[in-house]
Amino acid sequence: MIADMVAEDAQFVIATHSPILLAYPGARIVSFDELPVRVVEYSELEGVRLVREFLAAPERYLHRILGKD
């Protein structure tokens, strides 16, 4: 649905932490984490880094969460 509307020159402002939505092709990602507000690359996002690390080694994160260090 978003792609159809973008094809008609629609624009969206979407506030999210979802790595899936942030990966939308052509998305302009604006970070409000620090001042000044700035445009950032997908790969710079802390949430993206954390999801990648978790998916690469979920057991490491689960051990910490479950207190099994």
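The values are calculated or read from the model by the stated rules, or taken from the named source; none is laboratory data. Please read all numbers here as calculations on a predicted model, not as lab measurements. Positions of Cβ are generated from backbone atoms using ideal geometry, with glycine treated the same way; all protein chains shown enter the neighbour counts.
For this structure, a couple of remarks:
- Applying the condition of being small (Gly, Ala, Ser) and part of a helix (DSSP H, G or I) to region 18-47 and asking which residue is nearest to the chain's Cα centre (by Cα) yields Gly47.
- Checking the stated criteria, Leu55 turns out to be loosely packed, with under 10 Cβ neighbours inside 10 Å and part of a helix (DSSP H, G or I).
- Tabulated pairs, region 36-54, first of a type outside the set (A, V, I, L, M), second assigned to a helix (DSSP H, G or I), C-beta under 7 angstrom, 6+ apart or interchain: Tyr42/Leu22; Tyr42/Val48; Gly47/Pro19; Phe54/Tyr61
- Pair list, Cβ < 8 Å and 6+ apart or interchain, from region 1-28 residues that are free of Cβ contacts under 8 Å to residues at least 40 places away in the same chain to residues that are of a type in the set (S, T, N, Q): Leu22/Thr16
- Among the residues listed as Tyr42, Tyr61, the single one being of a type in the set (Phe, Trp, Tyr) and modelled with pLDDT of 95 or more: Tyr42
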